[in-house]
Amino acid sequence: MPLAQKVRSYLCSLLFLLLLPACSGSRDESAAGDAARVPNGLYAVLGEHARAETVMGDHPGALILPYDGRYTGDGMMDAPVYIALDSADFVPLVIAGEPQRQKDGRDHTMLNVTLDRRYVSTLESFTAARINERAAIVIGGEVVTMHRIRAAITGGRLMITRCEDNACEVLYTRLTEE
């Protein structure tokens, strides 16, 4: 085989190998890339299911992220649950100052976070519209914790409770790194 043909064959093979991961990447790999671009925030949970396809079908256009509970007291779940989040209506987690940790009456850590003043009214309207509904805290494209909204939050001070110590530490660390 002439040298030019060998080089062309080699370059075609190399190009194929370089393009193969991009073309054959799994849905989870592309979702992971999309997840990295998700803004940190408090998101309404629209639904959850063991299968990503099912929750996507039930909530077209929603942001779908896996949640495996790795930071909760129960440890990692056997299989992740896929969470549908409303990416058009969320509260950005842009904080003013450092989060404060304190213990509750059961010796669990609570985290007090003060939002940047630009998002105080966003937090108030978001929580007022979703009392007794679930919300997910997403940081770094990952669902870190999920909570139930108990009351409308006014004044921009978000108290994260019923959070296992490991989860609160992860939230604290990630919020202070951002």
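The values are calculated or read from the model by the stated rules, or taken from the named source; none is laboratory data. Since the structure is predicted, the reported quantities are computational estimates derived from the model, not experimental observations. Quick reminder, even Gly has a Cβ in these numbers, built from the backbone with ideal geometry, and neighbours come from all protein chains shown. Ligands, DNA and RNA are excluded from the accessible area calculation, which covers all protein heavy atoms including side chains. Shrake-Rupley method; radii C 1.70, N 1.55, O 1.52, S 1.80 Å.
Residues in the range 84-102 that are at pLDDT below 90 and within 15 Å of T127 (Cβ to Cβ): D89 alone. The set of residues in the range 47-74 being within 21 Å of N166 (Cβ to Cβ) and over 16 Å from the mean Cα position of the chain (by Cα) consists of G73, D74. Report yes if some residue within the range 53-68 is out of contact with any helix residue (DSSP H, G or I) (no Cβ under 9 Å at 6 or more places or on another chain), open to solvent by less than 40 Å² (accessible area, probe 1.4 Å), within 23 Å of E169 (Cα to Cα) and at pLDDT below 90; otherwise report no. Scanning the range 53-68, I find at least one residue that is out of contact with any helix residue (DSSP H, G or I) (no Cβ under 9 Å at 6 or more places or on another chain), open to solvent by less than 40 Å² (accessible area, probe 1.4 Å), within 23 Å of E169 (Cα to Cα) and at pLDDT below 90, so the answer is yes.
Scanning the range 108-137 for residues that are touching a helix residue (DSSP H, G or I) at 6+ places or on another chain (Cβ under 9 Å) and either on the phi > 0 side of the Ramachandran plot or small (G, A, S) (or both) yields a single hit, A135. Here the range 105-120 is the region considered, the condition is being in a loop (DSSP other than H, G, I, E, B) and open to solvent by 40 Å² or more (accessible area, probe 1.4 Å), and the residue that is nearest to C168 (Cα to Cα) is H108. For the criterion of being open to solvent by 50 Å² or more (accessible area, probe 1.4 Å) and either under 12 Å from G41 (Cβ atoms) or not in a loop (DSSP other than H, G, I, E, B) (or both), R101 passes. Within the range 129-144, the set of residues being of a type in the set (G, A, S) and closer than 16 Å to M159 by Cβ comprises just one member, A135. With respect to A31, is the statement that it is surrounded by 14 or more Cβ atoms within 10 Å (Cβ to Cβ), touching a helix residue (DSSP H, G or I) at 6+ places or on another chain (Cβ under 9 Å) and modelled with pLDDT of 90 or more true? So A31 does not fit the description; no.
Candidates in the range 121-178 are the residues that are polar (S, T, N, Q), open to solvent by 40 Å² or more (accessible area, probe 1.4 Å) and in contact (Cβ under 8 Å) with a residue 12 or more places away in the chain; of these, the one that is farthest from S87 (Cα to Cα) is N166.
Residues checked against (1) modelled with pLDDT under 90; (2) within 20 Å of the chain's Cα centre (by Cα):
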site: T109; (1), (2): yes, no
site: I139; (1), (2): no, yes
site: E142; (1), (2): no, yes
site: H147; (1), (2): yes, yes
site: N166; (1), (2): yes, yes
site: V170; (1), (2): yes, yes
site: T176; (1), (2): yes, yes
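Note on the range 134-156: residues that are under 12 Å from L171 (Cα atoms) and part of a loop (DSSP other than H, G, I, E, B) amount to 1.
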